[in-house]
Each structure stands twice: as structure tokens, then as C-alpha cells.
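These notes concern the structure reproduced below.
Please treat every number below as a calculation from the coordinates, not as lab data. A quick note: this is a predicted structure, and the numbers were derived from the prediction, not measured. Please note: Cβ atoms are built from the backbone with ideal geometry, for glycine as well, and neighbour counts cover all protein chains shown.
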Amino acid sequence: MALLQFMSAGLPETAVPTSVHCDHLIQAQVGAEKDLARANDLNREVYDFLATACAKYGIGFWKAGSGIIHQIILENYATPGLMMIGTDSHTPNAGGLGMVACGVGGADAVDVMAGIPWELKAPKVIGVNLTGKMSGWTTPKDVILKVAGILTVKGGTGSIIEYTGSGVDSLSCTGMATICNMGAEIGATTSLFPFNDKMGEYLKATNRPAVAEYAQAFKHNLVPDANCEYDQVIDINLSELEPHINGPFTPDLATPISKFAAEVKKNGWPQELKVGLIGSCTNSSYEDMSRSAHIAREAAEHGVKAKSGFTITPGSEQVRATIARDGFTDTFEKIGGVVLANACGPCIGQWDRKDVKMGEKNSIITSYNRNFTARNDANPATHAFVASPDLVTAMVLAGDLTFNPLTDSLKGADGKEFKLSEPAGFELPPKGYDAGANVYQAPPADGSKVEVKVDPKSDRLQILTPFKPWDGKDIIDAPVLIKAQGKCTTDHISAGGPWLKYRGHLENISQNCLIGAINADNGEANKVLNQMTGEYGAVPTVGAAYRDAGIPWVVVGDSNYGEGSSREHAALEPRFLGGRAVIVKSFARIHETNLKKQGMLPLWFKNE
Ligand code: SF4
């Protein structure tokens, strides 16, 4: 959609270095090879459009199967002290390399690609002071799971989270990226770490020694100023930090592992663990994979296989090739793991899940970042928990949510009980990274003759036409299309999963507008009163009916409306269907901006 918007600017090429990444359209079904082949087949016209548009406008194109955007950025582009915006809320992942990286909506990105400065209300700065040293089962993921529990999904809104303190140096560079990545779950504008040796080592390992040297020379500018002041300070002693499990249904419900089994029983969460999923842009580094492989290897040595389903999503082709070379893939497969394509897959709802029926209550645990209702498998009864890859891997061996690998034992094939030892891994691959297959298309020196491929009859792609401008008249007596009850994320406003294939076709994807939001009037989803006819209908149908009758409408919502993914479709669709304003108690930052950019009025009450 951003490319379609950029095309309408009529410029010959982008004003700033830009890259495009294909990671959302590969559905997890049976495993990497077949899933990728099927995606290439099904999405051919979209990939052709992206490849030709990138070539025309001077944009680097990372093909399907190259990996998840944030891992590729970390491996190739992230640079200490530079600034970047990206059209995905987990763009702050690059803060693990000391970059000021912010997630924005597509329209913001298009402005920057067209040479227009990006604007942001000056954020506050929250300092997280890390002391002590991480060890045992505790991982960087547990830092952000703990911070999410403290700050909640709203606590970082309008703030940059800056990690400081002596504990920072005990974290790997990719571990710092994990922490910054999941800062999106607390609404932070971005998160970042000061430049240190771990970042320098990672830059060298990923073929960027010159960047490492340059950052080292300017290190004094890439660390907090002496005596700087923060708007809020959070202290965490890494030596005392327990592994955490967050969820279900929200990433800020944080429970330390020692108390988790009791919470499972108290709350009646399904105790049987159906599936564990590791990887995603959050936790798919070589270190993550090597620690999980350590656990899996030990289990295999005792003849133990995963009792739950177990999937592994490498974050990039480079990680996939490296873990295959180093034997981790074989180890995961030995205990029953299935390695999925280098893509978002189940994290964005691209999961052809077969082991439970829709509506069946069940538990899954992932090392991903988001666990909103129905996010992974479209099943609102799935209880999704978030934890480190270490805990996920240990728990699939037990197949039970109450298993605590720090205290509990597993039974080996010989009937004897054994305890898993503390996981150990490598921050960086001892034999270096294996780049794997060539998955990058560099733009040609002159793209002006390239023809961008869009079939006018396509149901996946549609050239954008400008919205009708405001007629200058006040909007009076606009009907409320829906009063959305409770949490209303961008997944509720513009669902992912099967809808993702229509992301380049505004008219078609608008058929998912607000279908996941609960109507406060009747407690139902996708059923609203058409005030012209007195009959109930689907939200997009009723919205379009008002539009076609020349009646502007509004949406009413609750707090932190539009949290979650930076999905600009959640703003484009209401505008396309004739909406004029969204009135709420408060907005998530990116969604508020997206609404403004698409000509929708975001209005909120001064006092919640
Ligand atoms: S869908 Fe998941 S894996 Fe993909 S970028 Fe978003 S959070 Fe990361």
C-alpha cells in the first residue's frame, strides 16, 4: 500500500534509502520448502508488482523467503546513532544496535520517501536501569516481559525507553534487539540501548567492520549524557530476574515462572499445551536458536520428543542457513519440530492450523511478541502465552503449561526422571554466518524504463484514486457506525490472516473493516444497526451504505484505540467507506497519525 501511495506522488525515485520486505504472505502449513513454493505461486502477481515497483523507484527488494523485515534490517542496515522509520510497529528492533528506529504508518513512510520530514511530538524518556548479570534460564526476553508487566500496554505511549546500567553489557546484541522489538507492546515510540562492544562484535560478524569502527570512534555520542534525567526510572536487577510468561490475550499480564502453574489452575487456563512456536522477528537470532537446540539436544539424548506441536521460524535466510549448517535444524526435527519458512507465518495469523477446531479452548505458547485474541490462528478461544524460546522449547517437551523446567523433571525413554540443565548457546556463530540463498534484488542504476506490473482486473492490487476532499461544511448528526467495546486493536479494525492477501486492494480489504470489534450495543462482532433501514448488517456493508447515501459516519471507541500493528489499512478503510471521525478515550500513537494522514478526524476526551 505504501508503494501504491508513493506511486501517486509522481516522483522518479525515493528521496531516502528504502527497502521492501516480503514476510507477511507465507502461510505455515507443512514446512518451509513447500509453504514457500505455494506462497510464490499464490502471490506471484503481488511479488511481481513489488519487484517492479522497487526496481523503478530505486528500492532494495528482499524477496519472499528472505526473512522477517526486522531481522534483515538488524543483519544489514541497522547502524548505531542513525534514525530510521519503518511501516511496522516492531521497527524499534534496530534499537538493539543503538539505532533510533520508529514504527510508523505507511503514509508517514511515503512522506519521508518523498523527501518530506517526519514529525513527532517530542517523546518523554523512560530509563530502565539494568544491574546484575543474566544467567540460567533467564533471557533478554524476560527483561521486556517484566517491563511490560510494570508499564502495561499503555505505559510506554509517547515515550522512548532507554536501557542503561551495568547490566547492559551482559546482554547479547540480538538480545537487546529482542527487548527493543517488544517495546512496541507497551506502546513505546521506540526503545534503544547505548553503543557497546556487543554491538561492535555483531556488526563485525555481519560483515560491517567499518560501521563498527565508526561507531566506536563516536561512542561518546552514542551513550547517555552524564547526569541526564529521565521522566521515569525503572530498576531491574538481572541477577534476580525470573523467567516470565505473559498472557493470555494481552502481552502485559506478566507472571514469573515460579507462580505460573498456580495461575494456570486458578484461572482455569487450558493446562494441556497444544503447540509451542519459537522464532518470529522477536526471537529468532542464532543465540535463541542455539539455546533452544541445546534444550532439544538434551531431550533427544534422553529419547524424549515434544508432546506438543513445535514449530520453528528462522528470522532470516541467513539464520536458516546457519542453523541448518550447524545441525540445529536436525536437532529440532529429532524431537518433532517443524521448521517453517523464513517469514512471519503464525505470528501474523498465516497459520493453517488443523489440530483444534475453531472455537475450541486451548493453549499455545510462543516466543513471539503479540498475543491478542485470535492473532495467531483466528480462534478467539486460543489462549496464547508469550515467553522466551528457552521456556517454549522446554514446555513442549512436557506438553503441559504448569511445567517449570527450573524445578520439575521430565521422564526419559528409559523411564528415569531427569532435569533439563540450564540452556547454553552462542551469541554469534563460532563458524561465522552462512548467507544462504541469494534473496535480494538490488535496484538497477536507472529504473525509469521499468514498467510497474498491476493488472487492472486484479483482485489483489488496485491503483489508488484520491479520496473526495472535505466540502467545507460541518458534519452534523453523523450516525455512529459502531461503538467498539473494550480493547480495539488494529487487528480488530483490519484483521490479518486471510485478509492479508488484499492489502494492495483497498476496496476488497475494506470488507474487513471493524469486523473484529465488539458492538457495545449488542455485544456482537460485525453486527451493527443500519439507522436508515432499521435492520442489522455487517459493519463494512452498513458503512458503505451510509457512504453511498452521502451520510458521513463516526466510530466511537475506548482507551488506547488502535494499539498493536501499525497497519494503515485500519485508517484507510474507514475513510474509504465514508467515515469522518473516530471518537475515543485515547489513541495508540501510530493509529492516531494514520487516521490524520488519511483525512479522518481522531478526537479524544480531555479527561478519560
Ligand atoms: S508479524 Fe510477527 S514476526 Fe512478522 S514483523 Fe510482525 S511481529 Fe514480527
Show the residues, 5+ positions off or on another chain, whose built amide H is closer than 5 Å to the amide H of TRP604. VAL584
Under the helix-only model (-39500 (n - 2.57) for each DSSP H run of 4 or more, divided by the residues of the chain), the mean residue ellipticity at 222 nm, to 500 deg cm²/dmol, is -8000 deg cm²/dmol
From the gyration tensor of the Cα coordinates in region 151-284, what semi-axes in whole Å does the equivalent ellipsoid have, largest first, with each one equal to sqrt(5λ)? 32, 19, 13
Rounded to the nearest Å, the spacing of the alpha-carbon centers of region 84-139 and region 311-353 is 26 Å
Segment LYS305-ALA324, length gained on full extension (0.36 nm per residue, minus Cα span): 4.9 nm
Would you grab the residues whose amide H sits under 5 Å from the one on PHE249? Only those 5+ places off in sequence or on another chain, please, with H modelled 1.01 Å from N. ALA384
Point-charge dipole on Cβ atoms (K/R +1, D/E -1) for the chain, about Cα centre, debye to 20: 740 debye
3J(HN,Hα) from dihedral phi, region 321-336, Karplus parametrisation 6.51/-1.76/1.60, rounded to Hz, x for glycine, proline: 5, 5, 6, 5, 4, 8, x, 5, 4, 4, 4, 4, 5, 4, 9, x
How big is the Cα convex hull of region 91-177 in projection, averaged over all directions, in nm²? 6.6 nm²
For region 578-594 and region 15-42, what is the separation of their C-alpha centers, rounded to whole Å? 31 Å
At q = 0.19, 0.24 Å⁻¹, what log₁₀ I(q)/I(0) does a Debye calculation on the Cα points of region 519-588 give, no solvent, two decimals? -0.84, -1.23
Compute the length gained on full extension between GLU213 and ALA442: take 0.36 nm times their separation in residues and subtract their Cα-Cα distance, giving the result in nm to one decimal. 79.9 nm
In Å, what Rg and Dmax follow from the Cα atoms of region 480-604? 12.8, 36
Largest first, please: the extent of the C-alpha atoms of the chain along each principal axis, to the nearest Å. 74, 56, 54
DSSP bridge orientation in region 244-418 - percent antiparallel, rounded to nearest 5: 30 percent
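For region 507-608, which trypsin sites (Lys or Arg not before Pro) pass both filters: DSSP loop (anything but H, G, I, E, B) and at most 16 other C-beta atoms within 10 Å?
Working: sites: LYS527, ARG547, ARG567, ARG575, ARG580, LYS585, ARG589, LYS596, LYS597, LYS606; in loops: LYS527, ARG567, LYS585, LYS606.
When the trypsin sites (Lys or Arg not before Pro) of region 507-608 are filtered for loop state and at most 16 Cβ neighbours within 10 Å, LYS585, LYS606 remain.
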The set of residues whose placed amide H lies less than 5 Å from the amide H of LYS361, leaving out same-chain residues fewer than 5 positions away, is none
Along region 340-354, Karplus-curve 3J(HN,Hα) (6.51, -1.76, 1.60; θ = phi - 60°) to the nearest Hz, with x for Gly and Pro, reads 8, 5, 6, 6, 5, x, x, 5, 10, x, 8, 9, 7, 6, 10
Given PHE587, PRO430, PHE193, which one lies farthest toward the positive end of the charge dipole of the chain, if we put +1 on the Cβ of every Lys and Arg and -1 on the Cβ of every Asp and Glu? PHE587
Obtain the radius of gyration and the Kirkwood radius of region 203-282 from its C-alpha atoms and give Rg over Rh. 1.16
Among the Cα-Cα pairs of region 244-418, the proportion with separation greater than 21 Å, in percent, is 43 percent
What net charge is computed for the residues neighbouring PRO243, neighbours being all others with C-beta under 9 Å from the C-beta of PRO243, Lys and Arg scored +1, Asp and Glu -1? -2
Calculated from backbone phi, Karplus (6.51, -1.76, 1.60) coupling profile of region 254-268 in Hz, x at Gly/Pro: 9, 10, x, 4, 5, 10, 5, 4, 5, 5, 4, 6, 4, 8, x
Lys, Arg +1 and Asp, Glu -1 on Cβ, resulting dipole of region 244-418 about Cα centre, debye, nearest 20: 400 debye
Can you give the translational diffusion coefficient of region 336-448 in µm²/s, computed by Stokes-Einstein from the Kirkwood radius over Cα pairs at 20 °C and 1.002 mPa s? 122 µm²/s
Below 8 Å between Cα atoms, with a sequence gap of 6+, how large is the relative contact order for the chain in percent? 16 percent
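Which value, in nm² and rounded to one decimal, describes the direction-averaged projected area of the C-alpha convex hull of region 1-116?
7.3 nm²
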Quick one: THR282, THR79, fewest Cβ neighbours within 10 Å first, how do they rank? THR79, THR282
Trypsin sites (Lys or Arg not before Pro) restricted to DSSP loop in region 80-175 with at most 10 other C-beta within 10 Å: LYS121
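Residue separation times 0.36 nm, minus the C-alpha to C-alpha distance between ALA520 and TRP604: what's the value?
Details: separation 84, 0.36 × 84 = 30.24 nm, distance 1.80 nm.
Taking ALA520 through TRP604 to full extension adds about 28.4 nm, to one decimal.
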Too long for a 25 Å Cα-Cα cut-off, among LYS274/LYS527; LYS154/LYS483; LYS63/LYS449; LYS133/LYS219, are LYS274/LYS527
Positive end of the dipole of the chain, charges at C-beta (+1 Lys, Arg; -1 Asp, Glu), about the Cα centre: which of GLN485, GLN511, ALA51 has its Cα farthest in that direction? GLN511
Among the chymotrypsin sites (Phe, Trp or Tyr not before Pro) in region 54-110, which ones are in a DSSP loop with at most 10 other Cβ atoms within 10 Å of the Cβ? Mind listing them? none
Under 15 Å from the Cα of LYS416, which aspartates and glutamates turn up, not counting those fewer than eight places away in the same chain? GLU298, GLU301, ASP408
Using Stokes-Einstein with the Kirkwood hydrodynamic radius over Cα pairs, what translational diffusion coefficient do you get for region 106-156 at 10 °C and a viscosity of 1.306 mPa s, in µm²/s rounded to a whole number? 110 µm²/s
